[in-house]
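Some notes on the structure that comes next.
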Amino acid sequence: MNTVRSTPLRIEHPSKFGCDPRVSDNWLPDRTTLPSLSRRTLLKSSAALAGAGLTVAAAGTAAAAAAPAVGFAHGVASGDPLPDRVIIWTRVTPSADALPGSGVGETISLKWQMARDPAFAAVVRSGTVTVDADTDHTAKVDVTGLEPATAYHYRFTAHSGAVAGQVSPVGRTLTAPANDADIQRLRFGVVSCSNWEAGYFSAYRHLAQREDLDAILHLGDYIYEYGRGEYGARNGSVRPHEPAHEIVSLADYRIRHAQYKTDPDLMALHARIPFIATWDDHESADNAYKSGAENHNPATEGDWATRKANSTRAYFEWMPVRPTGGGTEVTTYRRFRFGNLAEISMLDLRTYRDEQTTATAGREVDSPDRTITGRAQMDWLTKGIVSSPTRWKVVGNPVMIAPTLIPPLDPRTTKALTDLIGLPQSGIPYGTDSWDGYAADRRRLYDAIATAGVDNTVFLTGDVHTSWACDLPVDAANYPGGATIGTELVVPSVTSPNMDDSLGVPPRTASLAAEEAYKAVNRHIRYLDFDSHGYGVFEIATAGSQMDWYYISDPIDPRATVRHGASFRVADGAQRTLPVGTPLDPAAHRPGA
């Protein structure tokens, strides 16, 4: 996404990537970069665990009680649920000097347990995992042999070192239903774009309080790479980034991931519901593409391949994500099936894309040689949608796929929107960072879906910090006539700046005219909110799917409240969005109950 600035794996069944992080010397920590995530921050995060309502067991030995370490200061997390397995994650701090990114600290043996009950009276799976500085003392276990559509509780216990006897918070997770299960309903929290400096993660807190979610879909920009004060809220930085500078080295990325995982609202959500996440650009650098990024200067920040490798390694160390591929081709695109009801294809739209065009590039955006997905991922995506045996085909789509044309607006409003959406100010009808800038790839995908006559394809999107409900016409110029290949539902940012933040005006003032102008020249766009921060709750059911948008009262208020903003529904087979007045009933769905 365009932004404007004010001035390896430890798993029970290892994949090709991460089973031995010593791939090359390029993967070693940059010990010349001193970590700035302080022990005070870690101690505060330990207190936050209790404040977030997470259960932390007391240390069981005198040695642990006397140790200067903080133990499990970053909480626990789970992710990538399958019918028989799920990833569980934690990070242990073995001593006061073994801060994230430090590259120091003793090897620690951890015991993990998975149980049907939070008291662990019925442990169903257990094992040990060893963590050390080479993986930044993160532990990641792919627990297998589980029952489908079942809620489990998990925890880690340190069995060696100064932290021996310390026990992690207890997490809760869910497995996916069996592939052949007859499923009537699924619900997901949908989020993106959580910038630490721009505010507090209240959206995560409100999602953690729900009991009707099967998983959280995170569509990217889980962290931001900027240095302090470079990209904050309308009134500056609400809370400073660590480290203070823009992150480039492996140590930098580790420190930044660690900082985000000290947020009590994020810790509570991770401990409550499994994540299905993919990355966008800010997990590495703004407007990243396969050989570089807009926010990367080789002269001062070194080789892009090294920086990308650093960000990738830290991501898979710190996120409960099951990598696909191996070596230099490790990626986040992968697919999840939920019975006979839905398949979710999560995309990686940064690793394989060609460089974004400029506003004056003309027909270059239509070149059949340009790609946003890469050929292998495009083949995987189209074949997966066309041949899917499920009723609904959902795409976790980091950047917008709906075509957009900028209407005539006053120059200041136009600039704010082009900065957010990535569109050129000249009025050319495409965005250089979205699928608009890769028209041939979008046409390939649209044609494959239309030719196969596939119904019920829904793209869930983040990136633009705003809320949209769009139909996806084969020919936008003829809409509402003609065929549509699916729908797109875009969720707002958790905290990252949107239109009123960029303009420095009250919410729902200047944006109202802009929203109406956008809908007038883009008739397939059915709903817009350019101002609000929050999240989506997305239901898939046999009769239709529905997105509820929820908006928080103020991203810079750590106690922000939440309100229902809008709801749109897509009936089974309809391929079009329709507004509905009532949000989903949280009591109507209890996964894992």
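The values are calculated or read from the model by the stated rules, or taken from the named source; none is laboratory data. Everything numeric in this text was worked out from a predicted model, so none of it was measured. Cβ sites come from the backbone with ideal geometry, for glycine too, and all protein chains shown count toward neighbours.
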Check: When you scan the range 215-238, how many residues do you find that are assigned to a loop (DSSP other than H, G, I, E, B) and either under 21 Å from the mean Cα position of the chain (by Cα) or of a type in the set (Ser, Thr, Tyr) (or both)?
Finding: 12
Next item on the list: Answer yes if at least one residue in the range 440-452 is part of a helix (DSSP H, G or I), acidic (Asp, Glu) and surrounded by fewer than 18 Cβ atoms within 10 Å (Cβ to Cβ), and no otherwise.
Entry: yes
Next item on the list: Kindly provide the set of residues from the range 158-198 that are touching a strand residue (DSSP E or B) at 6+ places or on another chain (Cβ under 8 Å), among the hydrophobic types (A, V, I, L, M, F, W, C) and under 30 Å from Glu225 (Cβ atoms), ordered by number.
Entry: Phe188, Val190, Val191, Ala198
Next item on the list: Take Gly220 and decide whether it is within 18 Å of Ile344 (Cα to Cα), among the small types (Gly, Ala, Ser) and crowded, with 24+ Cβ neighbours inside 10 Å.
Entry: yes
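The rows are residues; the columns are (1) within 20 Å of His159 (Cα to Cα); (2) surrounded by fewer than 24 Cβ atoms within 10 Å (Cβ to Cβ); (3) not hydrophobic (A, V, I, L, M, F, W, C).
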| position | (1), (2), (3) |
| --- | --- |
| Pro83 | no, yes, yes |
| Ile87 | no, no, no |
| Glu106 | yes, yes, yes |
| Phe120 | yes, yes, no |
Margin query: Please verify whether Val92 is of a type in the set (Val, Ile, Thr), more than 30 Å from Gly396 (Cα to Cα) and either over 26 Å from the mean Cα position of the chain (by Cα) or at pLDDT 50 or above (or both), treating the condition exactly as stated.
Written below: yes
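Which count do you get for residues in the range 122-142 that are over 23 Å from the mean Cα position of the chain (by Cα) and in a strand (DSSP E or B)? Please lay out each step first, then the result.
Taking the range 122-142 and keeping what is over 23 Å from the mean Cα position of the chain (by Cα), we get 122-134.
Subset that is in a strand (DSSP E or B): 123-131.
Residues meeting the conditions: 9.
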Notebook entry, point to check: Looking at the range 464-476, is at least one residue β-branched (Val, Ile, Thr) and farther than 23 Å from Ala277 by Cβ?
Noted result: yes
Checklist line | Matching residues, the range 275-315, being of a type in the set (Phe, Trp, Tyr) and surrounded by 23 or more Cβ atoms within 10 Å (Cβ to Cβ) | finding: Phe275, Trp279
Check: If Phe336 passes every condition in (1) within 26 Å of Ser493 (Cα to Cα); (2) surrounded by 23 or more Cβ atoms within 10 Å (Cβ to Cβ) but one, which one does it miss?
Finding: (2)
Checklist line | Positions within the range 256-274 being more than 13 Å from Arg210 (Cα to Cα), assigned to a helix (DSSP H, G or I) and among the basic types (Lys, Arg), in sequence order | finding: Arg256
Next item on the list: Determine whether the range 185-200 contains at least one residue that is surrounded by fewer than 20 Cβ atoms within 10 Å (Cβ to Cβ) and in a strand (DSSP E or B).
Entry: yes
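So is Thr357 within 15 Å of Thr278 (Cα to Cα) and either among the β-branched types (Val, Ile, Thr) or surrounded by fewer than 19 Cβ atoms within 10 Å (Cβ to Cβ) (or both) or not? Step through it out loud before you land on a result.
Details: within 15 Å of Thr278 (Cα to Cα): no; either among the β-branched types (Val, Ile, Thr) or surrounded by fewer than 19 Cβ atoms within 10 Å (Cβ to Cβ) (or both): yes.
It is false that Thr357 is within 15 Å of Thr278 (Cα to Cα) and either among the β-branched types (Val, Ile, Thr) or surrounded by fewer than 19 Cβ atoms within 10 Å (Cβ to Cβ) (or both).
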Next item on the list: Report yes if Gly145 is of a type outside the set (Ser, Thr, Tyr), part of a loop (DSSP other than H, G, I, E, B), buried (at least 24 other Cβ atoms within 10 Å of the Cβ) and at positive phi, otherwise no.
Entry: no
